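Worksheet: one structure, shown below.
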Amino acid sequence: MSTMGRIGSYIGRGVRSVSGTLNPFGGAVDIIVVRQPDGSLKSTPWYVRFGKIQGVLKARENAVNVSVNGVEAGFRMNLDNRGQAFFLRERDMENGYSLTTRTSEQLATLNLKEGKNVVVFTCSKQQVDARIYLWRWDANIVISDVDGTITRSDVLGQFMPLVGRDWSQTGVAHLLSAIKENGYQLLFLSARSISQAYLTRQFLFNLMQDGKGLPEGPVVTSPDGLFLSLYREVVKRAPQEFKIACLQEIKALFPYNRNPFYAGFGNRDTDEICYLKVEVPEAKIFTINSKGQIVLKRNTDTMSYSCLHGCVNDLFPPMSSVSRCSLRRLTM
């Protein structure tokens, strides 16, 4: 098979069908649920899209069944004529778009376990899946861009893995794994479209470097379709429009008097703009240049991922039970 043929085959895996039919224009964004100090739950929007193919968008077949960890949820979603899923009672008819959040009571019925949960959306014979991550209100989040940050370049980083080439930054898996082991939550943020969400997860969590893989964490992509996402990033060169809005949504899940964002990794000025906008500490913004070197804000010194791994306990101190208790007292 030719290189382009292999790429097309992989892209087609974005939506899987029970009947074996593949549709490349759907997907679902990972969901973050945060347990509040009072035990209630808040979640990011549920962005789900199915492709516009015959048999899926018929009016009588627009119900989307939801299951979490293999158990059917007590609610369903519906599809609009663009293939976007929404919760029926929250349809905003006046503005022409759909809100996609759940109440604390509805989230509680899902019996989420702490960390990763698998959610599957089924419409007719088509399925898309995503992950729901349950975090505590006192979580400390480290954000990582994907293209050019975990991969070695923005464009080739998307395509080379599809043809069997490793195009990842040397040492990134060991560093991010060490950060996770010290008690931080990893958030993978990408301006890729929702139709690329499945492939992005597959790339990230199948990546192995010297026997070490990337740690688990939500993969948050743009909820927009492929062409709008490409236009925003390639033509407008403004991926920060999506990323800032996304990070603000996540920040709003946490108590108003604490900032959950501890650090951020990126490879563009726009990543730095995003991180500063949501108050990532300036000293904890790491920029990866085209040579794969990490530069701290306003610091001309560079280091590799492997070098940063060597001092991970200094930059990302272990979140011991003592420090967690101290943080809890300070923020209540």
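Listed values, structure above:
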{"quantity": "Tabulated pairs, segment 247-274, first without any contact (Cβ under 8 Å) to a residue 60 or more places away in the chain and under 25 Å from V295 (Cα atoms), second among the charged types (D, E, K, R) and outside any helix (DSSP H, G or I), C-beta under 7 angstrom, 6+ apart or interchain", "calculated": "N259/E279"}
{"quantity": "When residues of segment 160-186 are limited to those that are in contact with a Gly (Cβ under 9 Å, 6 or more places away or on another chain) and of a type in the set (S, T, Y), the one modelled with the highest pLDDT", "calculated": "S177"}
{"quantity": "Residue match in segment 172-188 (condition: within 22 Å of G51 (Cα to Cα), in a helix (DSSP H, G or I) and touching a residue at least 40 places away in the same chain (Cβ under 8 Å))", "calculated": "no"}
{"quantity": "Tally, over segment 248-270, of residues that are outside any loop (DSSP other than H, G, I, E, B) and modelled with pLDDT under 90", "calculated": "2"}
{"quantity": "Failed item in (1) closer than 29 Å to N81 by Cβ; (2) at pLDDT below 95; (3) open to solvent by 10 Å² or more (accessible area, probe 1.4 Å), with C123 passing the rest", "calculated": "(3)"}
{"quantity": "Subset of segment 204-224 [free of Cβ contacts under 8 Å to residues at least 24 places away in the same chain and either under 17 Å from S306 (Cβ atoms) or of a type in the set (V, I, T) (or both)]", "calculated": "G211"}
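The values are calculated or read from the model by the stated rules, or taken from the named source; none is laboratory data. None of the values given here were measured: they were computed from a predicted structure. Positions of Cβ are generated from backbone atoms using ideal geometry, with glycine treated the same way; all protein chains shown enter the neighbour counts. Calculation scope for accessible area: heavy atoms of the full protein, side chains included, ligands and nucleic acids excluded. Shrake-Rupley method; radii C 1.70, N 1.55, O 1.52, S 1.80 Å.
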